[in-house]
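One structure is given below, encoded as structure tokens.
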Amino acid sequence: MNVRNPILRGLPRRLVAEGLLDESAAGAAVEEAGRAKISLVQHLVDAHLLDSAEVAQATAHEFGLPAIDVDAVNLKHCPRDAIDGKLVARHLALPLRLHRGRLSVAVGDPTDQRALTEIRFQVGTAVDLVVAEYDKLRIRVAQFLDQQEDDIAAALGGLDDVQLENLVTTTEDEATGKVLGEDADDAPLVRFINKVLLDAIKRGASDIHFEPYEARYRVRFRTDGILQEVAKPPQALAPRLAARLKVMARLDISERRVPQDGRIKIRISKARAIDFRVNTLPTQYGEKVVLRILDSSAARMGIEALGYEPDQKRAYEEALARPQGMILMTGPTGSGKTVSLYTGLSILNTAERNISTAEDPVEIYMEGVNQVQVNPRVGLTFAEALRAFLRQDPDVVMVGEIRDLETAEIAVKAAQTGHLVLSTLHTNSAPETLTRLANMGVPGFNIATSVVLIMAQRLARRLCGECRQLADLPKAVLKEAGFDSIDMPLDEIRVYRPVGCPRCNLGYKGRVGIYEVLKNTPAVSRLIMEGANSLQIAEAARREGYRTLRQSALKKVAEGIIGLEEANRVTMD
């Protein structure tokens, strides 16, 4: 077949020549992929324009590369440490074999020169590419990264007490035993706390709670959003446990009347360190200590791993590509807003951009970003930090939270004067965020001309793929749950339920984001300036493809990713 369109080159030209697409469809696909800032291969697969196998074969032929079926690859034989996990996730590049100074890597899109350059720079050896089916590769990369996490957990589990103790970063005073006057009697307590911290890492917990009560003491982990009791040390140890944790976090152990904040760091390998944000709280029966686990690798896992639907991901990437405007995240504490913000920042974090953030607290360190810890006690508020940023020629500004009119007005002004602003608010849905800004006192015109995108989100527990079971639900139940609103025939919907196996936590393994994404279209802007309420804005947005959190959750249920009970838990008000 002759290809007459001179604009089509490379892979799209090959697809037309092989009769997989006509010229108009190929040209439209190239333009759509460019607008979405994704590769043509990803767009063809995600938009279901072509079968993934057809795209892989055409890609291999066009670039003269071998093709491989990654389902046949034994991940246990892949070189685990050949490529940094962040690069593997970001570029969907699966290391296959390291032999005689050459690394074979499976990719879905060999045209991504940035990926090839970063990988070559990191591994320091020659890299040979092979082509894999994009959708299969996405699954296998996720499995490979899960396997790396399992390896870390196994390595931690094999350490003895002395090795566990040596992992925990200590202060100079603590190392000499001067602070607590430690002796042999303290060694079991030290080992207990270190083991609790490392157990939390192995289990994938997000928080650790040390809680004193009148007659007992308990330690709980928050895993996949749910608190579970893991230990019950003697209540008499409460003061010593709190003191030990405060020493590790460099806090004042003599002060027990007011809350304190600090940090602990554990370096579990040369390439990976995990921070714990520590907060103490005086209670009736002693100090409660809560540790938030801050794993920087989780916050930079790549946008593909967050759980966005293709259109939601495209909307976020298009908003990030704009030179100015405001992107807002909303949801309760623990809903994943920080991960979404940092994922956006990691995409924007290039040598050409000046990025500054004001946070309370700075949770995750990011190289190349100017991060500021606000301190209201000395007058360094979000508003003051934002004013200072605007005097330092910023391209991108991130404000941890818009809490008051002053901060909102400065953020809006920044978004209107050539800066991209990212921030969060505490509202229940995306449309309510617009009315919240109006209730703060921000004029409707300013909201309509500054806000580009709003994302409300929740985190739901992901079903374990090893043990989930099909739940036989009648159509009446599916309809009552709202499945008739997700544009999928009820006859084709399969709902799974959790069971539980040795590889998961009561039938769940990990979490996935549930999102509603509201774009500020002309119709929405018009309603904002007219002072419409959130229900009117939601109705207008729905006519343009907007999905609620509930609809997004039910879509994840229909795809077998989460269970119906979990969808009800995170989206039923």
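Structure values in brief
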| quantity | calculated |
| --- | --- |
| Selected residue (criterion: nearest to VAL517 (Cα to Cα)) from residues of the stretch 555-566 that are open to solvent by less than 20 Å² (accessible area, probe 1.4 Å) and in contact with a strand residue (DSSP E or B) (Cβ under 7 Å, 6 or more places away or on another chain) | LYS556 |
| Residue match in the stretch 340-347 (condition: in a loop (DSSP other than H, G, I, E, B), open to solvent by 10 Å² or more (accessible area, probe 1.4 Å), closer than 13 Å to MET398 by Cα and in contact (Cβ under 8 Å) with a residue 12 or more places away in the chain) | no |
| Unique residue being at pLDDT 90 or above and at negative phi when the list is THR338, THR343, THR333, THR280 | THR280 |
| Subset of the stretch 274-296 (residues that are under 13 Å from ASP261 (Cβ atoms) and open to solvent by 30 Å² or more (accessible area, probe 1.4 Å)) | ASP275, ARG277, ASN279, LEU281, VAL290, ARG292 |
| Residue in the stretch 429-438 that is part of a helix (DSSP H, G or I), open to solvent by 30 Å² or more (accessible area, probe 1.4 Å) and among the small types (Gly, Ala, Ser) present | yes |
| From the options ARG462, ARG458, residue that is in contact (Cβ under 8 Å) with a residue 24 or more places away in the chain, under 30 Å from ASP224 (Cβ atoms), in a strand (DSSP E or B) and open to solvent by 70 Å² or more (accessible area, probe 1.4 Å) | ARG462 |
| Of residues in the stretch 46-102 being polar (S, T, N, Q) and under 29 Å from the mean Cα position of the chain (by Cα), the one least open to solvent (accessible area, probe 1.4 Å) | SER52 |
| Verdict on ALA72 being within 26 Å of ASP311 (Cβ to Cβ) and without any contact (Cβ under 8 Å) to a residue 60 or more places away in the chain | no |
| Residues (closer than 26 Å to GLY334 by Cβ and buried (at least 22 other Cβ atoms within 10 Å of the Cβ)) located in the stretch 398-413 | MET398, VAL399, GLY400, ILE402, THR407, ALA408, ALA411 |
| Number of positions in the stretch 223-249 that are buried (at least 19 other Cβ atoms within 10 Å of the Cβ) and free of Cβ contacts under 8 Å to residues at least 40 places away in the same chain | 1 |
| Residue selected from the stretch 121-145 under the condition within 26 Å of the chain's Cα centre (by Cα) and without any contact (Cβ under 8 Å) to a residue 40 or more places away in the chain, by the criterion least open to solvent (accessible area, probe 1.4 Å) | GLN122 |
| Selection from the stretch 380-397 of residues that are part of a strand (DSSP E or B) and either open to solvent by 40 Å² or more (accessible area, probe 1.4 Å) or closer than 12 Å to ILE410 by Cβ (or both) | LEU380, VAL397 |
| Meets criteria (touching a residue at least 12 places away in the same chain (Cβ under 8 Å), under 26 Å from ALA273 (Cα atoms) and touching an Asp or Glu at 6+ places or on another chain (Cβ under 8 Å)) for ARG220 | yes |
| Residues located in the stretch 355-367, provided they are assigned to a loop (DSSP other than H, G, I, E, B) and either out of contact with any helix residue (DSSP H, G or I) (no Cβ under 9 Å at 6 or more places or on another chain) or among the hydrophobic types (A, V, I, L, M, F, W, C) (or both) | PRO361, VAL362, ILE364, MET366, GLU367 |
| Residue pairs meeting the criteria (Cβ under 6 Å; at least 6 apart or on separate chains; first within 19 Å of GLN113 (Cβ to Cβ), in the stretch 37-66; second of a type in the set (Phe, Trp, Tyr)) | VAL41/TYR134 |
| Whichever residue in the stretch 250-268 is of a type outside the set (Lys, Arg) and surrounded by 15 or more Cβ atoms within 10 Å (Cβ to Cβ) and, among such residues, is farthest from PRO188 (Cα to Cα) | GLN260 |
| Sole residue being free of Cβ contacts under 8 Å to residues at least 12 places away in the same chain and open to solvent by less than 80 Å² (accessible area, probe 1.4 Å), chosen from PRO502, PRO498, PRO489, PRO522 | PRO489 |
| Unmet criterion (only one of (1) surrounded by 15 or more Cβ atoms within 10 Å (Cβ to Cβ); (2) assigned to a loop (DSSP other than H, G, I, E, B)) for ARG14 | (2) |
| Check on ILE514, at pLDDT 90 or above, in a loop (DSSP other than H, G, I, E, B), within 30 Å of ASP199 (Cα to Cα) and not polar (S, T, N, Q) | no |
| Subset tally (residues that are over 20 Å from THR357 (Cβ atoms), of a type in the set (A, V, I, L, M) and in contact with a Ser or Thr (Cβ under 8 Å, 6 or more places away or on another chain)) for the stretch 423-457 | 4 |
| Condition check for ALA242: in contact with a Ser or Thr (Cβ under 8 Å, 6 or more places away or on another chain) and modelled with pLDDT of 90 or more | yes |
| Contacts under 6 angstrom Cβ, first residue in the stretch 75-92 being free of Cβ contacts under 8 Å to residues at least 24 places away in the same chain, partner open to solvent by less than 20 Å² (accessible area, probe 1.4 Å), 6 or more apart | none |
| Subset of the stretch 527-554 [free of Cβ contacts under 8 Å to residues at least 24 places away in the same chain and either farther than 20 Å from VAL452 by Cβ or open to solvent by 30 Å² or more (accessible area, probe 1.4 Å) (or both)] | LEU527, GLN536, GLU539, ARG542, ARG543 |
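The values are calculated or read from the model by the stated rules, or taken from the named source; none is laboratory data. Computed from a prediction, not measured in an experiment: that's the story for all the values here. Methodologically, a virtual Cβ is constructed for each residue, glycine included, from the backbone with ideal geometry; neighbour enumeration extends over all protein chains shown. In case anyone asks, the SASA skips ligands and DNA or RNA and just uses the protein heavy atoms, side chains included. Shrake-Rupley method; radii C 1.70, N 1.55, O 1.52, S 1.80 Å.
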